[in-house]
1. Can you say whether A:Phe161 is within 28 Å of A:Ala85 (Cα to Cα) and open to solvent by 50 Å² or more (accessible area, probe 1.4 Å), as far as the supplied structure shows?
2. Would you mention how many residues in the range B:1-46 are touching a Gly at 6+ places or on another chain (Cβ under 8 Å), within 11 Å of ligand 1 (Cβ to nearest atom) and acidic (Asp, Glu)?
3. Give the residues of the range A:166-222 that are outside any helix (DSSP H, G or I) and open to solvent by less than 10 Å² (accessible area, probe 1.4 Å), sorted by residue number.
4. Is there a residue being without any contact (Cβ under 8 Å) to a residue 40 or more places away in the chain and either surrounded by fewer than 24 Cβ atoms within 10 Å (Cβ to Cβ) or more than 13 Å from the chain's Cα centre (by Cα) (or both) anywhere in the range B:175-185?
5. Mind counting the residues in the range B:169-190 that are over 24 Å from B:Lys82 (Cβ atoms) and within 13 Å of chain A (Cβ to nearest Cβ)?
6. Just checking: which of the helices (runs of 4 or more DSSP H) contained wholly in the range B:1-113 hold 1 or more residues that are open to solvent by 10 Å² or more (accessible area, probe 1.4 Å) and either more than 11 Å from chain A (Cβ to nearest Cβ) or within 16 Å of ligand 2 (Cβ to nearest atom) (or both)?
7. So for the range B:149-172 (the condition being within 25 Å of B:Arg45 (Cβ to Cβ), of a type in the set (Asp, Glu), open to solvent by 10 Å² or more (accessible area, probe 1.4 Å) and touching a His at 6+ places or on another chain (Cβ under 9 Å)), does at least one residue qualify?
8. Do we find that A:Thr271 is open to solvent by 60 Å² or more (accessible area, probe 1.4 Å) and modelled with pLDDT of 95 or more in this structure?
Amino acid sequence: MSTPQPPMPQAAVPQPQPQLAQAPAPHWQSAPAGSYPTYTSPIPVVRTHLGHAIASEWTKIRSVRSTMWTLGVFVLLVVGIGLLAAAVVGSSAGETDLAGENPLSFGFFGLLLGSMCIMTLGVLTTASEYGTGMIRTTMTACPNRVRVLAAKAIVFFSVAFVVTFVSALLVAFADVALLDSSGVRDPSGSEWLKGTLGISLYLALLGLLSLVIGSIIRHSAGAITIMIGVVLAPLVIALFMFSSSLEKLREALFEYSIPNQLSVFYSNSLTESGPSGWDPLWIMLGVTAVAFAGACALLEKRDV
Amino acid sequence: MIELEGLTKRYGEKVAVNNLTFTVRPGIVTGFLGPNGAGKSTTMRMMLGLDRPTAGDVRIDGRHYDRLKDPLRYIGALLDAKAMHGGRSAFNHLLCLAQSNGIPRGRVDEVLDTVGLTAVAKKKAKGFSLGMGQRLGIAGALLGDPRILMFDEPVNGLDPEGIHWIRNLMKSLAAQGRTVFVSSHLMSEMALTADHLVVIGQGRLLADTSMAEFIEQNSRSYVRIRSPQRERLLDVLHGAGITVVETGAGALEVDGGKPEHIGELAAQHQIVLHELSPQQASLEEAFMQLTAESVEYHAHTDTPEEQQAWGDGWKGN
Ligand SMILES: Nc1ncnc2c1ncn2[C@@H]1O[C@H](COP(=O)(O)OP(=O)(O)O)[C@@H](O)[C@H]1O
Ligand SMILES: [Mg+2]
């Protein structure tokens, strides 16, 4: 409060006095000459930083039903479908039908369907605040807009990754045990890593991309629709590309579609074209980083 | 202290706030008055760094809002009571705000107690009535025990008890040396709570004055007269050098006239009077006159007579 008092535009107006004869407040500052009395709180002042924003976002994400719902359905889908697929295939397959198969790959369908839940939660983390108007309260409490988005990203990514990783790990162990007698091969160490850690990081990043899209679109239903389109559209478009002159494009659409990228985490083959190995993770990381930068720029530019 | 300098906000073609310059001073309640759509909420959003000004500047104790290191400790604001996630409990809503500014958890219980929501702290906000939502919003504003408080139309939709509570709260906050900035579209409300008055219409500054001065300048007193012998009465009054205004409803008004004087004149000329009453123009009328040209949404039938009852409330209290 030591800033010099600038000249007041309406200095001619007589100063009204506070008219209440209430008990004097305990924290009057003795005002220096030329300044004015002001209230000083007894609560210690803290310089806010990213840690505060993260604590706040953690409270937010754990205190709404939609988090429990989306993650609950996610675990149900991933574990349920993962086990079911292995059980059905395992029971109907002969001794050698599955020879040489990677047993971890039976987790694929559950994770593909479950990705819808993760994307929904990601979108809701940002976009729902625009729907309710909470975003204005949030941005008033933390005017550093990039810090808010970063805190949301960190909290969401951690939650999404942990839940996905635990579910994927569970399914992986169960499927390996279930299919033990069906002649499948033992996955190698790198296959284990890709099929559990890799795919979990990939899904959490896909959720993070949804969160960023939610921040850009500011509308939950719109952003979720866009993300579902991103997942499904390339496959659907590729299906309807009959013309042979578009063969190359069709192949690329298929290979870089998100479902195919997911399957890469279970495949051992190094195909001559398309992503292989850990490529999908780097692709998703790049796309998300670019989208995040764009969202930050937009956040700074637009009104809340 | 909040200083606005040439603050302007344009949404496409629409100029919502037009070159506003005024200062909100500490230790008093400053009323921010304007009809619906005048630009009050937009101005407040710019003060809080939510909307970027098209031109001009607004500073809080010399700094931009987004340069404040401890914003909730500095300013508490209630913009929109519904601006919260309905599925979150009152306690958790306040807790996430407190955490974002490193405010101790104990403060949440304190402010819940201050606004009287302790009993429903664990209840979801979507089940709250308008008044409870408003109280929760105010709890959020008080959370950081800030030196500046900003309320956007806080009494909207409240019951009389809630309105009374908010009035007293604002006065006691200002008495503690805090800056209180409160908007309203009701003059009657401002007359009760504000020490200083800033009036805007269509985004432009119309008045920046102390409440006392505003009342003094705008409480016009006049005498209202009704008579079946209207033409004769007019002649007599004109003859006595008294200026008469004819109002729509068949009544005559004499600005600043004394009823005794007019009554005696009428008696001398044996004119029958049906009404001879001293009147005080309400502040609401003064406000309406001030903003007459700048009202965004006009109703079609408004005679001043009918509108008067609307502003009478402040006198009774
Ligand atoms: N985000 C926005 N986009 C377009 N127009 C807006 C926006 N916000 C406010 N306005 C317009 O600006 C004017 C002032 O609005 P507002 O500040 O809400 O007035 P008040 O709070 O005084 O009723 C209104 O005409 C309103 O329609
Ligand atoms: Mg408003």
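The values are calculated or read from the model by the stated rules, or taken from the named source; none is laboratory data. Here the structure is a predicted model, which means the values were calculated and not measured. Counting neighbours? That spans all protein chains shown, and the Cβs are built from the backbone with ideal geometry, glycine included. Remember, those area values only see protein heavy atoms, side chains included, never the ligands or the DNA or RNA. Shrake-Rupley method; radii C 1.70, N 1.55, O 1.52, S 1.80 Å.
1. Details: within 28 Å of A:Ala85 (Cα to Cα): yes; open to solvent by 50 Å² or more (accessible area, probe 1.4 Å): no.
It is false that A:Phe161 is within 28 Å of A:Ala85 (Cα to Cα) and open to solvent by 50 Å² or more (accessible area, probe 1.4 Å).
2. 0
3. A:Leu179
4. Within the range B:175-185, the first condition is being without any contact (Cβ under 8 Å) to a residue 40 or more places away in the chain, and the residues that meet it are B:175-176.
Filter again for either surrounded by fewer than 24 Cβ atoms within 10 Å (Cβ to Cβ) or more than 13 Å from the chain's Cα centre (by Cα) (or both), leaving B:175-176.
Taking every residue of the range B:175-185 in turn, at least one turns out to be without any contact (Cβ under 8 Å) to a residue 40 or more places away in the chain and either surrounded by fewer than 24 Cβ atoms within 10 Å (Cβ to Cβ) or more than 13 Å from the chain's Cα centre (by Cα) (or both).
5. Selection size over the range B:169-190: 8.
6. In the range B:1-113, B:40-47 are the helices (runs of 4 or more DSSP H) which contain 1 or more residues that are open to solvent by 10 Å² or more (accessible area, probe 1.4 Å) and either more than 11 Å from chain A (Cβ to nearest Cβ) or within 16 Å of ligand 2 (Cβ to nearest atom) (or both).
7. yes
8. Judged against the criteria, A:Thr271 is not a match.
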